[in-house]
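Reading through the structure tokens given below for one structure.
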Amino acid sequence: MDTGRLTQVDEYTWRIEPVGKMRVPAIIYGDADLIAGMDDKVYEQICNVAKLPGIVNAAYAMPDAHWGYGFPIGGVAAFDADRGGVISAGGVGFDISCGVRTLHTTLTRAEIEPIKTRLADSLYQEIPVGVGSTGHVLLNDKSMDAMLRKGAEWAVKQGYGWREDLERIEEHGRMADALPEAVSSEAKHRQRQQMGTLGSGNHYLEVQEVTQIYAAEIATQFGLKQGDIVISIHCGSRGLGHQIGTEFLKSMAQTAHRHGIELPDRELACAPLTSDVGRSYLGAMRAAINSALANRQIITHLTRMVFERLAPHARLRLLYDVSHNTCKLEEHVVDGVSKRLYVHRKGATRAFGPGHPELPEDLREAGQPVLIGGSMGTASHILAGISDSEQLSFASACHGAGRNMSRRQASKSWNGRQVVDELAGRGILIRSPSLRGVAEEAPGAYKDVDAVVNAADRAGLARKVARLQPVICIKG
Amino acid sequence: MTKSKHSLAPDGENLRKAVRWLAESAPVTTTTINDAACRFDLTPLEEEFLLREFSPKGAWEHFHHDADIGVRGTGHSLEQAFEQAALALTAIVTDPDSVRSDKTITVACREQDRELLLVDWLNAIIYTMVTDNMLFSRFKVSIAGDKLTATLAGEPIDRARHELAVEPKGATFTELKVAQRDDGSWLAQCVIDV
């Protein structure tokens, strides 16, 4: 993207003044290099988001923004239902409630080294991963609806994980006001064999080492110290979310004109929050959020079973679980007035600052853990929400690195076997059903996650706390 | 699923004339075949035969998108462009040549808007792939008015034999285009979320 098209507000903030049908400005966060590396489509898409009815303050793009469908990935926008605000299936994404959860292990790198290979093999064996993999948990109609209504809370009740986990999950593990009846039978059918599966693409389970601490006090509050081993799980709502996204993208595109919405582009399909389609999508999307939370909860249980066998003294407590493809009703202060707004975060992480009432008590002083996934073989980061981001981005930060190369280019540039061997040489064990998948996800195909996280930190969206390096990666 | 050439070759005098005329008016394009069909009053079956025999074979490709993958199918007819786009979809997951076409499944969708019909078609394949745990390598599409019916031929996913890359989540409206090009051929494309 040509930075000359933007007004630079400060080193990490860039602005596009409203022109034409834009109702609000667009604001992009990032340093000059990150912005220059963004596709022109990000400019086009974030300006289109700024044209949607009921948008509040501005349309925001995070430092890892890239070309998505409808909204850019890394896009944040809040809508006021009382002022004709809309909800957009493309503003959430097909992988509804895709997110990251990180678990402590109480183990150190030295303790993990002797069992590393067995751990990698066992995790790969126990956790379903990759195209066509099926889960061990099969749901009937009744249990499907219970799962969609209660999320991780349902999973814990079934024996997958601990009661205390729920406090460390957004919405306490259960997204309220989910409507299983708004979820089609096709979406439920698509999910039936996929509970407790990682999926493919950029989804993974990683065993990681804390290699750097940036903010000692917050790290202590998060329970992190250098040399600790943690586990991060990155996946979403699987087939159920994909099908809901598919169905509502179309119904929103078809009904937009009936609601008097002029779509800048059909891909921006949306519906008024107060319309039947809008309400139905909200209910279905919330059910998909519960599906994602239950899914990560089941995978957590499977992970604990493996550790129980290979490192029985380890205790895998949940640090936090945060989703980065959602639309959530939140309280925000706009022009000095508190309002309830529907905040879309597509490839963006909620980052509530210290004192936020939604945070669990023992994290309230530190701020919300913001979990930023790397790509296979590269670092991940843990940040903490800060109060300033409330005004900057409706309390949102980046979610990852973003690709800088298409899958096709990547599979031509790397050989999967070589990538696995090279990473093994650096002490990182990869287990994946697909060497082509590994090539497409090669570390070099992604942007530099450190640069993205630095920009988020400097822009004031969240604060850097710890850097994690992969030790084992189970890849879809 | 496919019939032999002979069984579909109509044996009419007009067709023979059209073939001679086309041979003289090379290069043969979709447009010249359409001309020949008018000039020699060919039946739709005869025109389809010519399109299949003379037109360049359909083709598929992936086009660039930052995070996801664009699929593009081209062909001498709307149906062939849809079939080729479907092959491009399979190629996101695995090499279509590695997929046997042992089992056939029929799908149907109805949509007036051709572009939405493409999205429905690709989503119907994605849904069938996931719920039947299959991959497909041959597609036969018929479109009549707003109705698409198709036969998918494929086999169950074999994780040992198929080199599986990534699962498609859904077809999007991004870069969505279904159109007839200047040379008479058809193009069908969109971005697939993976």
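The values are calculated or read from the model by the stated rules, or taken from the named source; none is laboratory data. Keep in mind the model is a prediction, meaning the values are calculated, not measured. Quick reminder, even Gly has a Cβ in these numbers, built from the backbone with ideal geometry, and neighbours come from all protein chains shown. Please note that ligands, DNA and RNA were not included when accessible areas were found on the heavy atoms of the full protein model with its side chains. Shrake-Rupley method; radii C 1.70, N 1.55, O 1.52, S 1.80 Å.
In the complete set of protein chains, residue-level accessible area for A:Arg431 is approximately 50 Å², probe 1.4 angstrom.
For the pair A:Thr134 and A:Met305, the difference between a 0.36 nm per residue extended length and the Cα-Cα distance amounts to 59.7 nm. Ordering A:Arg168, B:Arg20 by accessible surface, largest first, gives B:Arg20, A:Arg168; the 1.4 Å probe counts only protein heavy atoms, with every chain in place.
Between chain B and chain A, roughly 3600 Å² of accessible surface gets buried, counting both sides and using a 1.4 Å probe.
By the Stokes-Einstein formula, at 1.306 mPa s and 10 °C, chain A with its Kirkwood radius over alpha-carbon pairs has D equal to 72 µm²/s. Taking every C-alpha pair closer than 8 Å and separated by at least 6 residues, the mean separation divided by the residue count of chain B gives a relative contact order of 23 percent. What's the center-to-center distance, using Cα atoms, between segment B:30-67 and segment A:398-476 in Å? Here the two parts' Cα centres lie 44 Å apart. Were the residues from A:Glu44 through A:Ala424 laid out at 0.36 nm apart, the gain over their Cα-Cα distance would be 132.7 nm.
Projecting the Cα atoms of B:Leu116, B:Ala91, B:Cys190 onto the dipole axis of chain B, where Lys and Arg carry +1 and Asp and Glu carry -1 at the beta carbon, places B:Ala91 farthest toward the positive end.
Between the C-alpha center of segment A:120-158 and that of segment A:204-253 there is a gap of 17 Å. Per the 1.4 Å probe, what fraction of the accessible area of chain A, in percent, lies on carbon and sulfur atoms? Exposed carbon and sulfur together represent 46 percent of the surface. Solvent-accessible surface (1.4 Å probe) assigned to B:Lys169 amounts to roughly 20 Å². What pairs from A:Lys328/A:Lys475; A:Lys225/A:Lys328; A:Lys116/A:Lys475; A:Lys346/A:Lys447; A:Lys142/A:Lys328; A:Lys412/A:Lys475 go past 21 Å between their alpha carbons? Table pairs above 21 Å Cα-Cα are A:Lys328/A:Lys475; A:Lys225/A:Lys328; A:Lys142/A:Lys328.
What FRET efficiency comes out for the pair A:Arg163/A:Asp276, r = Cβ-Cβ distance, R0 = 41 Å, nearest 0.05? Walk me through the numbers before you get to the answer.
Values: r = 37 Å, r/R0 = 0.91.
Given R0 = 41 Å and the Cβ-Cβ separation, E is 0.65.
Accessible surface for chain A, divided over its residues, is 33 Å² per residue with a 1.4 Å probe. Accessible-area rank, largest first, for A:Lys116, A:Lys412: A:Lys412, A:Lys116, with all protein chains present and a 1.4 angstrom probe.
Run the dipole for segment A:247-309 about the Cα centre, Lys and Arg Cβ at +1, Asp and Glu Cβ at -1, nothing else charged, and hand back the magnitude in debye, nearest 20. All intermediate terms of the calculation are to be shown ahead of the outcome.
On the way: 8 positive and 6 negative charges, 64 e Å.
Value, rounded to 20: 300 debye.
The residues of segment A:423-463 occluded by other protein chains by 10 Å² or more of accessible area, set against the chain on its own, are A:Pro433, A:Ser434, A:Leu435, A:Arg436, A:Gly437, A:Glu440; surface from heavy atoms, 1.4 Å probe. Compared with the dominant Cα axis of chain A, that is its longest principal axis, helix A:238-255 is turned about 10°. Using a probe of 1.4 Å on the protein chains alone, the accessible area found for B:Trp60 is around 90 Å².
Taking 0.36 nm per residue of separation and subtracting the Cα-Cα distance, what length does fully extending B:Ser142 through B:Thr43 add? Mind showing how you got there, number by number?
Working: separation 99, 0.36 × 99 = 35.64 nm, distance 1.71 nm.
Full extension from B:Ser142 to B:Thr43 adds 33.9 nm.
Each label was represented as a point 7 Å from its Cα along the Cα-to-Cβ direction; for A:Asn404 and A:Arg118 these points are 4.0 nm apart.
Using a probe of 1.4 angstrom and keeping all protein chains present, the accessible surface of chain B works out to 44 square angstrom per residue.
Can you give the net charge of the other residues whose Cβ lies under 11 Å from the Cβ of A:Val210, counting K and R as +1 and D and E as -1?
Working: positive: A:Arg109, A:Lys225, A:Arg467; negative: A:Glu209, A:Asp228.
Its environment carries a net charge of +1.
Between helix B:114-132 and chain B there is an angle of about 50 degrees, using the helix long axis and the longest principal axis of the Cα atoms. Charged side chains reduced to their Cβ positions (Lys and Arg at +1, Asp and Glu at -1) give the protein assembly as shown a dipole of some 1140 debye around its Cα centre.
Here segment B:59-193 has 42 percent of its accessible surface on carbon and sulfur atoms, given a 1.4 Å probe and all protein chains in place.
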